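The values are calculated or read from the model by the stated rules, or taken from the named source; none is laboratory data. A quick note: this is a predicted structure, and the numbers were derived from the prediction, not measured. Here the Cβ positions follow ideal geometry from the backbone for every residue, glycine too, while neighbour counts run over all protein chains shown. Just the protein is used for accessible areas: all its heavy atoms, side chains included, with ligands, DNA and RNA removed. Shrake-Rupley method; radii C 1.70, N 1.55, O 1.52, S 1.80 Å.
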Amino acid sequence: MTANNTNIAPAKYRLGGPMAWWVWILVTVFTIYLFNVQTMFSVVQGDIKSALSLDESHLTLIAGTYTWAFAIFQFFGGAFLDCFGSRKVLIPAFIFVTAGVFLYGLATSYTVILLAQVLMALGACCGFVGAGYIGGVWFGMAAYGTMFGYVQVLSSLSSAIQQPITEGLLAHLTYEKLFIYLGFFGVLLVVLAILYMRNPTPVVTKKDPFKVVADNLKQIVKMPQMWIAAMWGGIVFGLNLALGVVWTPKLFTEAGYTLDNGNLGSAMLWLGLAVGSCFWPQWSNRIHSRRIPSIIGVLLMIIGLVGVIYIKMPVWLMVTMMFVIGMGATAHMLAFSVGGDVAGGPLVGTSSAFLNGIMFIFGGILQNIPSTLHSHGSGFHGMFAPYLIAAVIALVFVFIQKETAPANQPK
């Protein structure tokens with residue numbers, strides 16, 4: 001994401017200075033906030049199921065509603081930021097997410113829960129991509145990838161920590177009260193955004209974001225390598241999202257372990273993603289290869305899936321396998337690198353939004369497959385066999401992907 005498509009007034013703030021860090025911290029905290037609210041569903045889903053008398057298909061649709069809505073809204077988030085700047089886009093985003101969190105805590109019906117998910121997705125579509133945008137405009141595009149990587153690490157790490165913390169809080173609070181309290185934290189973020197959220201230079205020219213999206217997407221969809229990256233990146237990310245948000249507790253309880261063990265497994269999945277995010281992209285740059293790290297990552301995911309689905313193992317090893325799956329899932333970040341390599345600078349924002357949108361579409365599909373198969377009589381192994389098949393298909397696409405890393409890329 002860049003502000004190159006806009007005419008700008010003279011700079012009011014120094015790039016990389018104290019104000020830059022404060023604005024970046026604010027939007028990063030917002031991203032962590034919405035990411036944790038999303039992944040918290042894996043812990044509270046049992047309470048929601050009991051409180052609202054729902055079944056497994058309802059729960060997967062709740063999770064899928066957020067995922068599908070986010071995927072659709074995502075295509076416009078980057079263009080809106082480029083056209084209108086951070087203040088006019090991110091303040092409403094903060095408000096939408098906060099409203100959704102409050103509605104989640106106040107919901108007394110299935111329909112209201114779904115509405116809350118749509119509101120949160122509408123705001124969240126500008127969260128992760130907004131953090132990337134802020135990193136670029138406040139620190140310069142040379143630091144774009146580095147600042148984006150920091151956001152990924154912090155988001156994943158916070159989700160790993162959040163899982164056991166949420167579990168402990170639910171021993172003393174209902175999930176409704178927990179979400180109400182989180183809503184008040186969102187109000188604090190909204191107030192801070194109103195006070196401080198801005199671009200370092202005022203955005204004075206506005207372009208039609210819908211036309212920007214349409215024109216840029218026309219160019220993106222003509223790139224075969226972009227579609228290949230979207231396929232394997234979408235599967236890898238989608239599997240991690242489906243396991244991290246919905247299905248890891250089920251894997252553990254089916255293996256004979258407690259729900260607490262399952263929540264720990266979810267935490268280790270996100271921890272694996274956080275640890276991998278610290279070095280996976282850097283390693284790719286160092287060896288000038290996208291394919292080799294991606295192949296290794298998908299292989300790690302396949303090994304982990306075989307273990308947790310088909311092999312009876314002690315709980316400590318099963319938890320370790322969840323960490324391995326998360327480490328392997330970090331390969332999805334290299335799909336963004338491929339997109340940047342293929343699209344080039346002027347389209348890097350649109351390529352990221354395109355890939356992120358496709359990834360969440362895959363997440364929505366993969367979240368619903370096990371419950372759909374279960375409703376048609378499939379047993380445990382049959383419910384999750386498509387996950388292993390999907391991972392193998394992702395590996396095939398990685399082998400098909402051409403090497404796109406520039407030979408002269410900085411290490």
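A few remarks follow.
- Subset of the range 363-399 (residues that are among the aromatic types (Phe, Trp, Tyr) and open to solvent by 40 Å² or more (accessible area, probe 1.4 Å)): PHE397, PHE399
- Residues that are at pLDDT 80 or above, open to solvent by 60 Å² or more (accessible area, probe 1.4 Å) and over 22 Å from LYS177 (Cβ atoms), drawn from the range 47-67: LEU61
- Residue in the range 14-34 that is modelled with the lowest pLDDT, counting only those that are under 23 Å from LEU188 (Cβ atoms) and open to solvent by 30 Å² or more (accessible area, probe 1.4 Å): PRO18
- Residue within the range 312-327 that is over 19 Å from PHE252 (Cβ atoms) and not in a helix (DSSP H, G or I) present: no
- Some residue of the range 212-228 being touching a residue at least 60 places away in the same chain (Cβ under 8 Å), over 30 Å from LYS88 (Cβ atoms), open to solvent by less than 40 Å² (accessible area, probe 1.4 Å) and touching a Phe, Trp or Tyr at 6+ places or on another chain (Cβ under 6 Å): yes
- Pair list, Cβ < 7 Å and 6+ apart or interchain, from the range 353-373 residues that are of a type in the set (Val, Ile, Thr) to residues that are modelled with pLDDT of 90 or more: ILE358/ALA230; ILE358/GLY234; ILE361/GLY234; ILE365/GLY238; ILE369/PRO386
For (1) in contact (Cβ under 8 Å) with a residue 12 or more places away in the chain; (2) basic (Lys, Arg); (3) surrounded by fewer than 16 Cβ atoms within 10 Å (Cβ to Cβ); (4) within 15 Å of VAL43 (Cβ to Cβ), each residue gets a yes or a no:
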residue: LYS250; (1), (2), (3), (4): yes, yes, no, yes
residue: THR253; (1), (2), (3), (4): no, no, yes, yes
residue: ASN261; (1), (2), (3), (4): yes, no, no, yes
residue: LEU264; (1), (2), (3), (4): yes, no, no, yes
residue: LEU269; (1), (2), (3), (4): yes, no, no, yes
residue: GLY272; (1), (2), (3), (4): yes, no, no, no
residue: ARG290; (1), (2), (3), (4): yes, yes, no, no
residue: ILE302; (1), (2), (3), (4): yes, no, no, no
residue: ILE309; (1), (2), (3), (4): yes, no, no, no
